[in-house]
1. Could you work out what % of the accessible surface of the range 24-352 is carbon and sulfur, using a 1.4 angstrom probe and leaving DNA, RNA and ligands out of the count?
2. At 1.4 Å probe size, what's the solvent-accessible area of Leu235? Round to the nearest 10 Å².
3. Quick one: ranking Lys230, Lys206, Lys462 by accessible area, 1.4 Å probe, largest first, what do you get?
4. In the full protein assembly as shown, how much of His127 is accessible to a 1.4 Å probe, in Å² to the nearest 10?
5. Can you tell me the accessible area per residue over the range 403-474, all protein chains present, probe 1.4 angstrom, in square angstrom?
6. Between Pro312, Gly285, Ala450, whose Cα lies farthest towards the positive end of the dipole of the chain when Lys and Arg beta carbons carry +1 and Asp and Glu beta carbons carry -1, centred on the Cα centre?
7. Cα gyration tensor of the range 397-474, axes a ≥ b ≥ c as square roots of the eigenvalues: rounded (a/c below 1.5), prolate (a/b > b/c) or oblate?
8. Dipole size in debye (nearest 20) for the range 156-298 around its Cα centre, Lys and Arg Cβ +1, Asp and Glu Cβ -1?
Amino acid sequence: MLRLLLATCLGLVPAAATAADRLPNVVLIFTDDQGYGDLGCYGATGFATPHVDKLAEQGVRFTDFHVSQPVCSASRASLMTGCYANRIGIHGALSPAARHGISAAETTLAEVCKGRGYATGMVGKWHLGHHPQFLPTRHGFDSYLGLPYSNDMWPFHPQAKGGYPNLPLIDGEKVTNPNVTAKDQARLTGLYTKRAVAFIAENKDKPFFLYVAHSMPHVPLFAGDGFGGKAKQGLYGDVIQEIDASVGAVLAALDAHKVADNTLVIFTSDNGPWLSYGNHGGSSGGLREGKGTVWEGGVRVPFVARWPGKIPAGSVCREPAMTIDVLPTVAAAIGAKAPALPIDGKDIGPLLRGEPGAKCPHEAYFHYYGTNELQAVRSGKWKLVFPHAYRTMDGQPEGKDGTPGKYRVVKIESQMLFDLDADVGEAKDVAAANPGVVKRLEELADAARADLGDALAKKVGKGTREPGRLPPEK
Ligand code: MG
């Protein structure tokens, strides 16, 4: 034994790569427009999510996890780069006419993993630029199968007004289906799942990073074979149940290949529910408003993570955290180098692992929306909301069965302060009673404005970077 140990130390016998000393795999599952209240473990009724609920039982569930911005592309930019989306020039939701995308100068989570020798694969919705130089395969992913942007950016959209071109399905960098139909949409979740499971089988013997970005439950909703007509809540519930079954299939693949114990699995969503779609939109679980607003219903999302032996089973984290923290957390967990350019996120490993006394590593988080408007700042339990215009369905006729209702726009004329510990529904403005808190949060916001700019305050930031752009059209 001693001789073997000596020989191993001298490099004469290669050390066996056991699960314990191998770099952990990372599986990141990201859904689209799934609200804070749209999982069983977050109080959903009318449909069941047993696989995600089990993931939470075996890991940690965050109650105060946020996206940086309540809209598709901006939210994804933060998840993929660890930056506020406006830092890297990505705002809103990129349309099929967009001629920009994620810059080659940015470092994605896939590139962070690649730097440590990981196999990297993605299935699903990218939405960080659909031209070849912006695709996942040019930003650290070995393989890709999915839609380049939202599934409603297609000619059949009720509000398309002749606007959208045919919706392509892309495999690698090749369009394998130039005109996704309703039938194809119904097969999307199943297609993504099959490819995700195959990726795990192909890469089980080396460290891998798998990003599963479901196109659903973003409207238009379609359920696959065997999933339609099952949930009491209706089609939205059917779609969520199919996503949950997909999570189950991915977890079963990790088990079958005996890599579950060495895999960090994360499940979260890109923004809150699209409320104008009524019964085809999700639920904020009682939070104020939804997608497209910086109220909690727009930016607070479910977040569940499992990592056997590292994350205590059945734990709940009530500290604030954000998608910008995912990249630095994974980088720390796998011993990867930080991106070359400055990023905004921080390692929340201590929160994931439930270390005693672990606190959110940020003094503040900033919620931008629209064209670089700093609409809210969050620090500890306090949230300061700045005067701005937002959309609401309050008092409006509801959308139904795929046809949206019409938002009305509301203006906030003066800043409002909320104590989210006492008032998670943001019903009571306590600014007048807490002038010191308002002042401190205003100072934090001023620092963000100097760095990232703010269209509401007409400030240009010094720390923003350009997105990638196609050359001008001739
Ligand atoms: Mg979305």
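1. Details: 5370 of 10030 Å².
Looking at the range 24-352 in its full context, I get 54 percent from C and S.
2. It works out to around 60 Å².
3. So the residues, ranked largest to smallest area, are Lys462, Lys230, Lys206.
4. We get 0 Å² for His127.
5. Using a 1.4 Å probe on heavy atoms only, each residue of the range 403-474 averages 65 Å².
6. Of the candidates, Ala450 comes out farthest on the positive side.
7. oblate
8. Roughly 240 debye for the range 156-298.
The values are calculated or read from the model by the stated rules, or taken from the named source; none is laboratory data. From a predicted model like this one, the values you see are computed outputs, not experimental measurements. No Cβ is skipped: glycine too gets one built from the backbone with ideal geometry, and neighbour counts run over all protein chains shown. We work out accessible area using only protein heavy atoms, side chains counted, and drop any ligands, DNA or RNA first. Shrake-Rupley method; radii C 1.70, N 1.55, O 1.52, S 1.80 Å.
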